[in-house]
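Single-structure report; data block below.
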Amino acid sequence: MSPPRCPWCGDDPLYVAYHDHEWGRPERDDRKLFEMLILEGAQAGLSWITILRKREGYREAFHGFDPAKVAAMSEDDVERLMGNPAIVRNRLKLRSAIRNAKVFLQMQRQHGSFADWLWAHVDGQPILRRYDDSRVPASNELSDLISKALQKAGMNFVGSTVIYAYLQACGAVNDHLSDCFLHPDQAG
């Protein structure tokens, strides 16, 4: 029998693996944070499982999520990627990834690392929530604040809902339901 999980992951093995090994775990590696930022932006308006199924295609298309290499991509690269069925072929989202990579690099230079900037918003520690059902919010004051800061810095596809999902994915906010085996209250 499998342990109790957050119901959103269902029983799809890819979704279960993502839930069990990534989602909600504190991430401080800039390349991984960049990957999740690009993937969350790509997911806007789509289901997360769609993006998970295309993740390897994104890794290949975006140079292993090396922000410097993505920032150097051109409009010719966008045109080439528009023909790539391994990713979501949305011109605005592809251009956004390149634009966001440039801003990401600027933020690294300004703050030492993107992780330092991001984690400063939660005093370096994940915010632990305790929800008993699946009525987890889609955004909150923290995601509003971070979204506005990223937009002011020049990023796009970083609305408050996208950023809340990003904070969950990167573990800055732990929204595993209280009865999920990964919620800290269940440990021990």
| said: Suppose we filter ALA172, ALA153 for residues that are among the aliphatic types (A, V, I, L, M) and in contact with a strand residue (DSSP E or B) (Cβ under 8 Å, 6 or more places away or on another chain); which single one remains? | reply: ALA172
| task | Those residues that are aliphatic (A, V, I, L, M) and within 28 Å of GLN186 (Cβ to Cβ), I need them from region 129-145; list them, please. | result | VAL136, ALA138, LEU142
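Rundown of residues vs (1) part of a loop (DSSP other than H, G, I, E, B); (2) touching a Lys or Arg at 6+ places or on another chain (Cβ under 8 Å); (3) among the hydroxyl-bearing types (Ser, Thr, Tyr); (4) closer than 23 Å to PRO26 by Cβ, yes/no style:
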residue	(1), (2), (3), (4)
GLU79	no, no, no, no
ARG89	yes, no, no, no
LYS102	no, no, no, no
ARG109	no, no, no, no
TRP117	no, no, no, yes
VAL136	yes, yes, no, yes
| field | Boolean, SER178 is out of contact with any Asp or Glu (no Cβ under 8 Å at 6 or more places or on another chain) and among the polar types (S, T, N, Q) | value | no
| Which of the residues that make up region 130-146 are touching a Leu at 6+ places or on another chain (Cβ under 9 Å) and either among the charged types (D, E, K, R) or free of Cβ contacts under 8 Å to residues at least 12 places away in the same chain (or both)? | ARG130, ASP132, ASP133
| region 1-53, residues that are within 16 Å of the chain's Cα centre (by Cα) and part of a loop (DSSP other than H, G, I, E, B) | GLU22, TRP23, GLY24, ARG25, PRO26, GLU27, ARG28, ASP29, ALA44, GLY45, LEU46, SER47
| task | Scan region 9-25 and report the pairs whose first residue is closer than 18 Å to ALA165 by Cβ and whose second residue is assigned to a helix (DSSP H, G or I) and among the aromatic types (Phe, Trp, Tyr), with Cβ atoms within less than 6 Å and a gap of 6+ or a chain change. | result | CYS9/TYR15
| note | Residue pairs within 9 Å by beta carbon, gap of at least six or interchain, first lying in region 85-96 and within 12 Å of TYR58 (Cα to Cα), second surrounded by 15 or more Cβ atoms within 10 Å (Cβ to Cβ) and among the acidic types (Asp, Glu), listed first then second, are LEU94/ASP77
| query | If you take the residues of region 121-136 that are surrounded by fewer than 17 Cβ atoms within 10 Å (Cβ to Cβ) and modelled with pLDDT of 95 or more, which of them is nearest to VAL158 (Cα to Cα)? | reply | HIS121
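Yes/no matrix, rows are residues, columns are (1) open to solvent by less than 40 Å² (accessible area, probe 1.4 Å); (2) under 30 Å from PRO184 (Cα atoms); (3) among the polar types (S, T, N, Q):
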residue: GLY45; (1), (2), (3): no, no, no
residue: GLY57; (1), (2), (3): yes, no, no
residue: SER74; (1), (2), (3): no, no, yes
residue: LEU92; (1), (2), (3): no, no, no
residue: ARG99; (1), (2), (3): no, no, no
residue: TRP119; (1), (2), (3): yes, yes, no
| task | Residue by residue through region 147-182, note down the ones that are free of Cβ contacts under 8 Å to residues at least 24 places away in the same chain and either over 14 Å from the mean Cα position of the chain (by Cα) or buried (at least 23 other Cβ atoms within 10 Å of the Cβ) (or both). | result | LYS148, ALA149, GLN151, LYS152
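The values are calculated or read from the model by the stated rules, or taken from the named source; none is laboratory data. Not measured: the values here are computed from a predicted model. Here Cβ is always computed from backbone atoms with ideal geometry, including for glycine, and neighbour counts include all displayed protein chains. The area values use the complete protein model at the heavy-atom level, side chains included, leaving out ligands, DNA and RNA. Shrake-Rupley method; radii C 1.70, N 1.55, O 1.52, S 1.80 Å.
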